[in-house]
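Chemist: First the structure, which I've put down as C-alpha coordinates, then a few questions once you've had a look.
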Amino acid sequence: MITTYSVVGLITDSLKEKSWKQTQFAKEIDVSPSLISRVLRGEKPIPLSMLDKSIALLHLNESECYTLYLEEWKMQKKDSRMVENYLVHCVENEKGGFAERGLNMVLELGGYLSAVYGAGEKLYRKGYRKEALQFFDAVISQESDKKSSLLAMSYYRRLLTFYESDIERSEEAALQLCEHLDYVLDEEMLEAHYKIIATFRLKQKWDHVIRYGERLVKLAKALNEQEYIGDALIRMAIAAREKKDYELSLKYIDQYGSLPIEKYQFFAKGNRLVTLITAGETERINDLLNFAVQNKERCFELMEFLLDSLVKHEKMDLIEVFFQEFPKQIKQLESMKGKHSIYDRHITNFLYAKALYYIKQGNHEGVDTALYAADIAVQLRLDKQAIQAVKLVLENVKMTTPDQYQKCLDLLQRLAS
(Lines give C-alpha, C1' and ligand atoms only; values in the text may rest on other atoms or scores of the structure.)
Protein backbone atom coordinates (compact mmCIF):
# COMPACT_ATOMS: atom_id res chain seq x y z
CA MET A 1 0.00 0.00 0.00
CA ILE A 2 1.37 3.40 -1.00
CA THR A 3 0.99 6.11 1.65
CA THR A 4 1.57 9.82 1.21
CA TYR A 5 4.47 9.69 3.62
CA SER A 6 6.59 7.34 1.59
CA VAL A 7 9.19 7.86 -1.10
CA VAL A 8 6.65 7.19 -3.84
CA GLY A 9 4.10 9.31 -2.01
CA LEU A 10 6.48 12.27 -1.87
CA ILE A 11 7.23 11.93 -5.58
CA THR A 12 3.55 11.59 -6.48
CA ASP A 13 2.60 14.68 -4.44
CA SER A 14 5.39 16.68 -6.04
CA LEU A 15 4.27 15.66 -9.55
CA LYS A 16 0.73 16.75 -8.72
CA GLU A 17 1.97 20.11 -7.46
CA LYS A 18 3.84 20.65 -10.71
CA SER A 19 0.97 19.25 -12.81
CA TRP A 20 3.39 16.86 -14.48
CA LYS A 21 2.25 13.69 -16.19
CA GLN A 22 4.16 10.46 -15.72
CA THR A 23 5.36 10.52 -19.31
CA GLN A 24 6.84 13.99 -18.88
CA PHE A 25 8.49 12.93 -15.62
CA ALA A 26 9.91 9.80 -17.28
CA LYS A 27 11.43 11.92 -20.04
CA GLU A 28 12.97 14.38 -17.58
CA ILE A 29 14.77 11.66 -15.59
CA ASP A 30 15.50 9.49 -18.64
CA VAL A 31 13.70 6.31 -17.62
CA SER A 32 10.97 4.35 -19.38
CA PRO A 33 7.33 5.34 -18.76
CA SER A 34 6.55 1.71 -17.92
CA LEU A 35 9.12 1.75 -15.10
CA ILE A 36 7.67 5.00 -13.76
CA SER A 37 4.21 3.49 -13.83
CA ARG A 38 5.22 0.32 -12.01
CA VAL A 39 7.16 2.23 -9.33
CA LEU A 40 4.39 4.75 -8.67
CA ARG A 41 1.81 1.95 -8.42
CA GLY A 42 3.98 0.20 -5.84
CA GLU A 43 4.62 -2.84 -8.03
CA LYS A 44 8.40 -2.36 -8.02
CA PRO A 45 10.81 -0.79 -5.52
CA ILE A 46 12.20 2.49 -6.76
CA PRO A 47 15.73 2.05 -8.15
CA LEU A 48 18.23 4.20 -6.27
CA SER A 49 19.45 5.85 -9.46
CA MET A 50 15.84 6.89 -10.17
CA LEU A 51 15.46 8.11 -6.60
CA ASP A 52 18.54 10.32 -6.93
CA LYS A 53 17.27 11.81 -10.19
CA SER A 54 13.86 12.42 -8.63
CA ILE A 55 15.38 14.14 -5.61
CA ALA A 56 17.44 16.43 -7.83
CA LEU A 57 14.64 17.23 -10.28
CA LEU A 58 11.81 17.68 -7.78
CA HIS A 59 13.97 19.31 -5.07
CA LEU A 60 13.02 16.70 -2.48
CA ASN A 61 14.77 16.39 0.87
CA GLU A 62 17.50 13.82 0.28
CA SER A 63 17.86 12.80 3.93
CA GLU A 64 14.12 12.34 4.29
CA CYS A 65 13.90 10.25 1.11
CA TYR A 66 16.77 7.97 2.07
CA THR A 67 15.39 7.53 5.58
CA LEU A 68 11.99 6.60 4.17
CA TYR A 69 13.62 4.22 1.70
CA LEU A 70 15.27 2.34 4.57
CA GLU A 71 12.15 2.36 6.73
CA GLU A 72 10.03 0.97 3.89
CA TRP A 73 12.61 -1.74 3.31
CA LYS A 74 12.57 -2.55 7.02
CA MET A 75 8.77 -2.78 7.17
CA GLN A 76 8.39 -4.77 3.99
CA LYS A 77 11.37 -7.11 4.62
CA LYS A 78 12.66 -6.85 1.07
CA ASP A 79 15.29 -9.08 -0.48
CA SER A 80 18.73 -8.72 1.11
CA ARG A 81 20.09 -7.78 -2.32
CA MET A 82 18.15 -4.55 -2.06
CA VAL A 83 19.96 -3.41 1.09
CA GLU A 84 23.26 -4.69 -0.31
CA ASN A 85 22.79 -2.50 -3.38
CA TYR A 86 21.75 0.39 -1.13
CA LEU A 87 25.01 0.21 0.83
CA VAL A 88 27.11 0.02 -2.34
CA HIS A 89 25.18 2.87 -3.97
CA CYS A 90 25.67 5.15 -0.97
CA VAL A 91 29.41 4.60 -0.87
CA GLU A 92 29.86 4.97 -4.62
CA ASN A 93 27.90 8.21 -4.61
CA GLU A 94 29.68 9.66 -1.56
CA LYS A 95 26.69 9.33 0.76
CA GLY A 96 28.69 7.90 3.62
CA GLY A 97 26.26 8.99 6.32
CA PHE A 98 23.39 7.15 4.65
CA ALA A 99 25.55 4.05 4.23
CA GLU A 100 26.42 4.10 7.95
CA ARG A 101 22.75 4.53 8.84
CA GLY A 102 21.79 1.58 6.65
CA LEU A 103 24.58 -0.58 8.04
CA ASN A 104 23.57 0.12 11.64
CA MET A 105 19.95 -0.70 10.84
CA VAL A 106 20.65 -4.09 9.26
CA LEU A 107 23.04 -5.00 12.09
CA GLU A 108 20.30 -4.21 14.61
CA LEU A 109 17.81 -6.31 12.66
CA GLY A 110 20.21 -9.24 12.42
CA GLY A 111 20.26 -11.90 9.76
CA TYR A 112 21.80 -9.76 7.03
CA LEU A 113 25.53 -10.38 7.40
CA SER A 114 25.66 -11.94 3.94
CA ALA A 115 24.33 -8.67 2.51
CA VAL A 116 26.85 -6.67 4.54
CA TYR A 117 29.69 -8.86 3.32
CA GLY A 118 28.29 -8.72 -0.21
CA ALA A 119 28.36 -4.92 -0.14
CA GLY A 120 31.96 -4.97 1.07
CA GLU A 121 32.95 -7.47 -1.60
CA LYS A 122 31.36 -5.47 -4.41
CA LEU A 123 33.07 -2.28 -3.24
CA TYR A 124 36.40 -4.06 -2.81
CA ARG A 125 36.29 -5.40 -6.35
CA LYS A 126 35.39 -1.95 -7.67
CA GLY A 127 38.46 -0.44 -6.02
CA TYR A 128 36.82 1.05 -2.90
CA ARG A 129 39.08 -0.93 -0.60
CA LYS A 130 39.22 1.40 2.39
CA GLU A 131 35.49 2.10 2.17
CA ALA A 132 34.78 -1.63 2.07
CA LEU A 133 36.60 -2.16 5.37
CA GLN A 134 33.66 -0.95 7.47
CA PHE A 135 31.53 -3.77 6.07
CA PHE A 136 34.18 -6.45 6.54
CA ASP A 137 34.80 -5.16 10.07
CA ALA A 138 31.06 -5.35 10.74
CA VAL A 139 31.04 -9.01 9.72
CA ILE A 140 34.05 -9.66 11.96
CA SER A 141 32.40 -7.99 14.96
CA GLN A 142 29.00 -9.65 14.47
CA GLU A 143 29.68 -13.16 13.15
CA SER A 144 29.66 -15.70 15.99
CA ASP A 145 30.28 -18.76 13.81
CA LYS A 146 34.06 -19.17 13.79
CA LYS A 147 33.77 -21.52 10.80
CA SER A 148 31.94 -18.97 8.68
CA SER A 149 33.41 -18.33 5.24
CA LEU A 150 32.11 -14.74 5.52
CA LEU A 151 34.25 -14.27 8.61
CA ALA A 152 37.32 -15.86 7.02
CA MET A 153 36.95 -13.84 3.83
CA SER A 154 36.49 -10.62 5.81
CA TYR A 155 39.81 -11.21 7.57
CA TYR A 156 41.38 -12.00 4.19
CA ARG A 157 40.11 -8.77 2.67
CA ARG A 158 41.55 -6.87 5.64
CA LEU A 159 44.92 -8.44 4.94
CA LEU A 160 44.79 -7.53 1.25
CA THR A 161 43.74 -3.96 2.05
CA PHE A 162 46.79 -3.35 4.24
CA TYR A 163 49.20 -5.66 2.41
CA GLU A 164 51.09 -2.99 0.46
CA SER A 165 50.55 0.05 2.66
CA ASP A 166 50.70 -0.79 6.37
CA ILE A 167 53.10 -3.48 7.61
CA GLU A 168 51.84 -3.51 11.19
CA ARG A 169 48.14 -3.81 10.35
CA SER A 170 48.98 -6.31 7.63
CA GLU A 171 50.69 -8.52 10.20
CA GLU A 172 47.75 -8.20 12.59
CA ALA A 173 45.33 -9.19 9.83
CA ALA A 174 47.54 -12.13 8.80
CA LEU A 175 47.65 -13.48 12.35
CA GLN A 176 43.86 -13.20 12.62
CA LEU A 177 43.35 -14.85 9.25
CA CYS A 178 45.52 -17.82 10.29
CA GLU A 179 42.83 -18.81 12.81
CA HIS A 180 40.18 -18.96 10.06
CA LEU A 181 42.28 -19.96 7.07
CA ASP A 182 40.55 -23.30 6.51
CA TYR A 183 37.28 -21.49 5.77
CA VAL A 184 38.51 -19.13 3.07
CA LEU A 185 36.72 -19.77 -0.22
CA ASP A 186 38.41 -22.44 -2.35
CA GLU A 187 39.16 -20.05 -5.22
CA GLU A 188 41.04 -17.74 -2.85
CA MET A 189 42.76 -20.38 -0.72
CA LEU A 190 46.15 -20.47 -2.47
CA GLU A 191 46.46 -16.70 -2.70
CA ALA A 192 45.43 -16.31 0.95
CA HIS A 193 48.25 -18.63 2.02
CA TYR A 194 50.69 -16.80 -0.24
CA LYS A 195 49.78 -13.38 1.15
CA ILE A 196 50.17 -14.72 4.69
CA ILE A 197 53.70 -16.04 4.13
CA ALA A 198 54.67 -12.88 2.20
CA THR A 199 53.48 -10.77 5.13
CA PHE A 200 55.31 -12.90 7.69
CA ARG A 201 58.45 -12.61 5.57
CA LEU A 202 58.25 -8.83 5.83
CA LYS A 203 57.84 -9.07 9.59
CA GLN A 204 60.64 -11.66 9.79
CA LYS A 205 58.44 -14.26 11.44
CA TRP A 206 60.47 -17.07 9.94
CA ASP A 207 58.79 -20.00 11.70
CA HIS A 208 55.43 -18.76 10.44
CA VAL A 209 56.79 -18.45 6.89
CA ILE A 210 57.91 -22.07 6.93
CA ARG A 211 54.76 -23.40 8.61
CA TYR A 212 52.30 -21.75 6.24
CA GLY A 213 54.66 -22.19 3.31
CA GLU A 214 54.53 -25.95 3.81
CA ARG A 215 50.74 -25.77 3.84
CA LEU A 216 50.76 -23.77 0.62
CA VAL A 217 53.13 -26.20 -1.09
CA LYS A 218 50.89 -29.13 -0.14
CA LEU A 219 47.75 -27.40 -1.42
CA ALA A 220 49.45 -26.20 -4.60
CA LYS A 221 50.85 -29.64 -5.39
CA ALA A 222 47.36 -31.14 -5.13
CA LEU A 223 46.16 -28.59 -7.70
CA ASN A 224 49.35 -28.70 -9.80
CA GLU A 225 49.85 -24.95 -9.32
CA GLN A 226 53.59 -24.79 -10.02
CA GLU A 227 54.05 -21.05 -9.46
CA TYR A 228 52.53 -21.13 -6.00
CA ILE A 229 54.86 -24.01 -5.17
CA GLY A 230 57.87 -22.06 -6.43
CA ASP A 231 56.94 -18.79 -4.74
CA ALA A 232 56.32 -20.55 -1.43
CA LEU A 233 59.62 -22.42 -1.56
CA ILE A 234 61.56 -19.22 -2.34
CA ARG A 235 60.23 -17.60 0.81
CA MET A 236 60.76 -20.75 2.85
CA ALA A 237 64.39 -20.85 1.69
CA ILE A 238 64.83 -17.23 2.81
CA ALA A 239 63.26 -18.05 6.18
CA ALA A 240 65.51 -21.07 6.71
CA ARG A 241 68.57 -18.99 5.77
CA GLU A 242 67.61 -16.27 8.23
CA LYS A 243 67.22 -18.96 10.91
CA LYS A 244 70.78 -20.07 9.99
CA ASP A 245 69.49 -23.46 8.93
CA TYR A 246 71.51 -23.42 5.73
CA GLU A 247 71.01 -27.09 4.96
CA LEU A 248 67.23 -26.64 4.98
CA SER A 249 67.53 -23.47 2.91
CA LEU A 250 69.53 -25.31 0.25
CA LYS A 251 66.98 -28.13 0.31
CA TYR A 252 64.17 -25.68 -0.49
CA ILE A 253 66.32 -24.07 -3.19
CA ASP A 254 66.90 -27.45 -4.80
CA GLN A 255 63.16 -28.10 -4.74
CA TYR A 256 62.12 -24.95 -6.57
CA GLY A 257 65.18 -25.19 -8.83
CA SER A 258 63.85 -28.54 -10.06
CA LEU A 259 60.51 -27.08 -11.15
CA PRO A 260 59.98 -27.11 -14.94
CA ILE A 261 59.79 -23.30 -15.03
CA GLU A 262 62.88 -21.37 -16.15
CA LYS A 263 62.54 -18.45 -13.75
CA TYR A 264 62.73 -20.73 -10.69
CA GLN A 265 65.77 -22.48 -12.09
CA PHE A 266 67.37 -19.07 -12.54
CA PHE A 267 66.45 -17.90 -9.03
CA ALA A 268 67.85 -21.11 -7.61
CA LYS A 269 71.30 -20.44 -9.12
CA GLY A 270 71.55 -16.98 -7.57
CA ASN A 271 69.97 -17.84 -4.24
CA ARG A 272 72.16 -20.91 -3.79
CA LEU A 273 75.20 -18.61 -3.95
CA VAL A 274 73.56 -16.17 -1.52
CA THR A 275 72.93 -18.96 0.98
CA LEU A 276 76.45 -20.37 0.68
CA ILE A 277 77.99 -16.90 1.17
CA THR A 278 75.76 -16.30 4.20
CA ALA A 279 76.86 -19.68 5.57
CA GLY A 280 80.47 -18.52 5.44
CA GLU A 281 81.74 -19.47 1.99
CA THR A 282 82.99 -15.96 1.24
CA GLU A 283 84.98 -17.13 -1.77
CA ARG A 284 81.59 -17.45 -3.49
CA ILE A 285 81.21 -13.66 -3.57
CA ASN A 286 83.21 -13.53 -6.79
CA ASP A 287 80.90 -16.17 -8.28
CA LEU A 288 77.84 -14.14 -7.30
CA LEU A 289 79.31 -10.98 -8.80
CA ASN A 290 80.02 -12.83 -12.06
CA PHE A 291 76.51 -14.31 -12.03
CA ALA A 292 75.01 -10.85 -11.63
CA VAL A 293 77.19 -9.38 -14.40
CA GLN A 294 76.10 -12.16 -16.76
CA ASN A 295 72.42 -11.61 -15.88
CA LYS A 296 72.23 -7.86 -15.39
CA GLU A 297 68.66 -7.44 -16.62
CA ARG A 298 67.32 -9.85 -14.01
CA CYS A 299 69.46 -9.16 -10.97
CA PHE A 300 68.47 -5.79 -9.54
CA GLU A 301 67.18 -7.46 -6.35
CA LEU A 302 70.68 -8.87 -5.73
CA MET A 303 72.20 -5.38 -5.49
CA GLU A 304 71.61 -5.06 -1.76
CA PHE A 305 73.12 -8.41 -0.76
CA LEU A 306 76.00 -8.18 -3.23
CA LEU A 307 77.16 -4.73 -2.13
CA ASP A 308 76.72 -5.64 1.54
CA SER A 309 78.88 -8.76 1.08
CA LEU A 310 81.58 -6.88 -0.81
CA VAL A 311 81.77 -4.16 1.84
CA LYS A 312 81.66 -6.43 4.89
CA HIS A 313 84.44 -8.62 3.52
CA GLU A 314 86.40 -5.56 2.33
CA LYS A 315 86.66 -6.59 -1.30
CA MET A 316 87.37 -2.98 -2.22
CA ASP A 317 88.68 -3.68 -5.71
CA LEU A 318 85.45 -5.47 -6.62
CA ILE A 319 83.27 -2.68 -5.21
CA GLU A 320 84.50 -0.32 -7.92
CA VAL A 321 83.63 -3.00 -10.46
CA PHE A 322 80.20 -3.28 -8.85
CA PHE A 323 79.39 0.42 -9.25
CA GLN A 324 80.70 0.44 -12.82
CA GLU A 325 78.71 -2.62 -13.86
CA PHE A 326 75.33 -1.92 -12.26
CA PRO A 327 74.33 1.77 -12.51
CA LYS A 328 71.07 0.83 -14.26
CA GLN A 329 70.20 -1.85 -11.72
CA ILE A 330 70.99 0.46 -8.78
CA LYS A 331 68.75 3.13 -10.28
CA GLN A 332 66.02 0.54 -10.83
CA LEU A 333 66.22 -0.53 -7.19
CA GLU A 334 66.06 3.06 -5.94
CA SER A 335 63.04 3.73 -8.19
CA MET A 336 61.08 1.08 -6.30
CA LYS A 337 60.96 3.17 -3.12
CA GLY A 338 57.44 3.32 -1.73
CA LYS A 339 56.04 0.67 -4.08
CA HIS A 340 56.19 -2.20 -1.61
CA SER A 341 57.64 -2.79 1.83
CA ILE A 342 60.02 -5.48 0.58
CA TYR A 343 61.66 -3.04 -1.84
CA ASP A 344 61.81 -0.35 0.83
CA ARG A 345 63.79 -2.76 2.97
CA HIS A 346 66.10 -3.63 0.07
CA ILE A 347 66.72 0.08 -0.57
CA THR A 348 67.55 1.00 3.03
CA ASN A 349 69.88 -1.99 3.36
CA PHE A 350 71.58 -1.05 0.09
CA LEU A 351 72.05 2.55 1.23
CA TYR A 352 73.48 1.34 4.54
CA ALA A 353 76.05 -0.82 2.72
CA LYS A 354 76.90 2.11 0.45
CA ALA A 355 77.33 4.41 3.47
CA LEU A 356 79.55 1.87 5.20
CA TYR A 357 81.72 1.64 2.09
CA TYR A 358 82.13 5.42 1.89
CA ILE A 359 82.99 5.67 5.58
CA LYS A 360 85.60 2.89 5.31
CA GLN A 361 87.09 4.90 2.45
CA GLY A 362 87.17 8.03 4.64
CA ASN A 363 84.57 9.66 2.38
CA HIS A 364 82.36 12.07 4.34
CA GLU A 365 79.52 11.39 1.90
CA GLY A 366 78.99 8.21 3.89
CA VAL A 367 77.39 10.15 6.76
CA ASP A 368 74.86 11.80 4.44
CA THR A 369 74.07 8.44 2.85
CA ALA A 370 73.57 6.81 6.26
CA LEU A 371 71.29 9.65 7.35
CA TYR A 372 69.32 9.31 4.12
CA ALA A 373 68.92 5.58 4.75
CA ALA A 374 67.80 6.27 8.32
CA ASP A 375 65.33 8.93 7.18
CA ILE A 376 63.71 6.53 4.70
CA ALA A 377 63.60 3.77 7.30
CA VAL A 378 61.96 6.05 9.90
CA GLN A 379 59.36 7.20 7.36
CA LEU A 380 58.51 3.58 6.56
CA ARG A 381 58.72 2.40 10.18
CA LEU A 382 61.58 0.02 9.43
CA ASP A 383 62.93 0.38 12.95
CA LYS A 384 65.77 -2.13 12.69
CA GLN A 385 67.16 -0.49 9.55
CA ALA A 386 66.74 3.00 11.02
CA ILE A 387 68.64 2.13 14.21
CA GLN A 388 71.40 0.44 12.23
CA ALA A 389 71.94 3.54 10.05
CA VAL A 390 71.83 5.96 12.99
CA LYS A 391 74.29 3.79 14.90
CA LEU A 392 76.69 3.95 11.95
CA VAL A 393 76.65 7.75 12.11
CA LEU A 394 77.17 7.85 15.87
CA GLU A 395 80.06 5.39 15.64
CA ASN A 396 81.78 7.78 13.23
CA VAL A 397 81.06 11.03 15.01
CA LYS A 398 84.46 12.45 14.02
CA MET A 399 83.25 12.57 10.43
CA THR A 400 79.93 14.16 11.44
CA THR A 401 79.13 17.89 11.39
CA PRO A 402 77.00 19.46 14.15
CA ASP A 403 74.06 19.70 11.72
CA GLN A 404 74.37 16.04 10.81
CA TYR A 405 74.62 15.09 14.47
CA GLN A 406 71.48 17.08 15.24
CA LYS A 407 69.66 15.40 12.36
CA CYS A 408 70.71 12.09 13.83
CA LEU A 409 69.13 13.03 17.17
CA ASP A 410 65.97 14.22 15.41
CA LEU A 411 65.69 10.87 13.65
CA LEU A 412 66.00 9.04 16.97
CA GLN A 413 63.25 11.23 18.42
CA ARG A 414 60.98 10.50 15.43
CA LEU A 415 61.72 6.82 15.79
CA ALA A 416 60.72 6.87 19.46
CA SER A 417 57.49 8.80 18.87
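Chemist: Only helical DSSP H runs with n ≥ 4 go in: add -39500 (n - 2.57) per run for the chain, normalise by residue count and round the 222 nm mean residue ellipticity to 500 deg cm²/dmol.
Modeler: It comes out at -23500 deg cm²/dmol, rounded to the nearest 500.
Chemist: Straight distance only, please: which lysines reach the Cα of Lys18 with their own Cα at less than 23 Å, same-chain residues fewer than 8 apart left out?
Modeler: Qualifying lysines at Cα under 23 Å: Lys27, Lys53.
Chemist: Could you give the dipole magnitude of region 249-336 about its Cα centre, charging the beta-carbon of Lys and Arg +1 and that of Asp and Glu -1, in debye to the nearest 20?
Modeler: 280
Chemist: Could you tell me what percent of the accessible area of region 153-266 is made up of carbon and sulfur, with a 1.4 Å probe and every protein chain present?
Modeler: 43
Chemist: Starting from the Cα of Glu179, step 7 Å along the direction of its Cβ; do the same at Glu334; then give the gap between the two resulting points in nm.
Modeler: 4.5
Chemist: Run the numbers on the chain and let me know its relative contact order in percent, using alpha-carbon pairs under 8 Å that are six or more apart.
Modeler: 6
Chemist: Asn286 to Glu172: extension gain in nm, 0.36 nm per residue of separation minus the Cα-Cα distance?
Modeler: Going from the current span to full extension adds 37.0 nm.
Chemist: Give or take rounding to whole Å, what are the principal axis extents of the alpha carbon atoms in region 24-88, in descending order?
Modeler: Result, largest extent first: 32, 24, 20 Å.
Chemist: Further question: Label region 292-417 by shape, choosing from rounded, prolate and oblate, from the square roots a ≥ b ≥ c of the eigenvalues of the Cα gyration tensor; if a/c is under 1.5 it is rounded, and otherwise prolate applies when a/b is larger than b/c, oblate when it is not.
Modeler: oblate
Chemist: Same structure, new question: Expected output is a single nm value to one decimal: the length gained when fully extending between Glu262 and Asn295, i.e. 0.36 nm times separation in residues minus the C-alpha distance. What is it? Kindly include the intermediate steps, with their values, before the conclusion.
Modeler: Details: separation 33, 0.36 × 33 = 11.88 nm, distance 1.36 nm.
Full extension from Glu262 to Asn295 adds 10.5 nm.
Chemist: I've got another one for you. With every protein chain present, what is the per residue accessible area of region 68-204 (1.4 Å probe, Å²)? Could the numbers behind the result be given before it?
Modeler: Working: 6230 Å² over 137 residues.
Value returned for region 68-204: 46 Å² of accessible area per residue.
Chemist: Probe radius 1.4 Å, ligands and nucleic acids ignored: give me the carbon and sulfur share of the accessible area of region 307-380 as a rounded percent.
Modeler: Numbers: 1490 of 3230 Å².
Exposed carbon and sulfur together represent 46 percent of the surface.
Chemist: How big is the charge dipole of the chain about its Cα centre, in debye rounded to the nearest 20, if each Lys and Arg gets +1 on its Cβ and each Asp and Glu gets -1 on its Cβ?
Modeler: Dipole size: approximately 360 debye.
Chemist: In units of 2.2 N^0.38 Å, what is the alpha-carbon radius of gyration of the chain?
Modeler: Numbers: Rg = 29.5 Å, N = 417, 2.2 N^0.38 = 21.8 Å.
With N residues counted in the chain, Rg over 2.2 N^0.38 Å equals 1.35.
Chemist: Could you point to the residue in Thr67, Leu289, His313 farthest towards the positive end of the chain's charge dipole, with +1 and -1 charges on the Cβ of Lys/Arg and Asp/Glu respectively?
Modeler: Thr67
Chemist: Per q in 0.12, 0.17 Å⁻¹, report the Debye log10 I(q)/I(0) for region 236-322, using one uniform scatterer on each alpha carbon and no solvent.
Modeler: -0.35, -0.69
Chemist: Now for a separate question. If the cut-off is 17 Å between C-alpha atoms, which lysines fall inside it for Lys398, apart from same-chain ones fewer than 8 positions away?
Modeler: Lys360, Lys407
Chemist: Could the peptides 62-70, 288-296 be put in order, highest first, of the mean number of other beta-carbon atoms found within 10 Å of their residues?
Modeler: By packing density, highest mean first, the sequence is 62-70, 288-296.
Chemist: Additional query: So, for region 344-417, what is the accessible surface per residue at a probe of 1.4 Å, expressed in square angstrom?
Modeler: 50
Chemist: Hey, rough spin-label estimate for Lys147 and Asn224, points 7 angstrom out along Cα→Cβ, what's it come to in nanometres?
Modeler: Placing both labels 7 Å beyond Cα along the Cβ direction yields 3.2 nm.
Chemist: Here's something else I'd like to know. Expressed in nm², what is the orientationally averaged projection area of the convex hull enclosing the Cα positions of region 1-149?
Modeler: Mean shadow area of the hull around the Cα atoms is 9.3 nm².
Chemist: For region 12-70, give the magnitude of the charge dipole about the Cα centre (Cβ charges: +1 Lys/Arg, -1 Asp/Glu; no others), in debye to the nearest 20.
Modeler: Values: 8 positive and 8 negative charges, 63 e Å.
Approximately 300 debye in magnitude.
Chemist: Using the Kirkwood radius built from alpha carbon pairs, what does the Stokes-Einstein equation give as D for region 128-171 at 20 °C and 1.002 mPa s, in µm² per second?
Modeler: Numbers: Rh = 10.7 Å.
Taking Rh from Cα pairs, D becomes 201 µm²/s.
Chemist: Moving to a separate point now. Net charge near Leu202: determine it from the other residues with C-beta under 14 Å of the C-beta of Leu202, scoring Lys and Arg +1 and Asp and Glu -1.
Modeler: Cβ neighbours under 14 Å give a net charge of +2.
Chemist: Could you compute the net charge surrounding Ser37? Neighbours are other residues with a C-beta less than 13 Å from the C-beta of Ser37; K and R count +1, D and E count -1. Display every interim value, and only then the final one.
Modeler: Details: positive: Lys21, Arg38, Arg41, Lys44; negative: Glu43.
Computed value for this residue: +3.
Chemist: Take each of the peptides 343-352, 145-154, average the number of other beta-carbon atoms within 10 Å over its residues, and list them starting from the highest.
Modeler: Going from most to least packed, we get 343-352, 145-154.
Chemist: Hey, rough spin-label estimate for Ile342 and Asp317, points 7 angstrom out along Cα→Cβ, what's it come to in nanometres?
Modeler: 3.6
Chemist: Take the Cβ-Cβ distance between Tyr372 and Thr401 as r, set R0 to 22 Å, and report the resulting FRET efficiency rounded to the nearest 0.05.
Modeler: Approximately 0.90, to the nearest 0.05.
Chemist: Nearest 10 degrees, 0 to 90: what angle lies between the long axis of helix 303-312 and the longest principal axis of the chain (Cα atoms)?
Modeler: The angle comes out at about 30 degrees.
The values are calculated or read from the model by the stated rules, or taken from the named source; none is laboratory data. In this text the structure is predicted, and so the values were computed from the model without any measurement. Here Cβ is always computed from backbone atoms with ideal geometry, including for glycine, and neighbour counts include all displayed protein chains. For accessibility, only protein heavy atoms count, side chains too; no ligands or nucleic acids. Shrake-Rupley method; radii C 1.70, N 1.55, O 1.52, S 1.80 Å.
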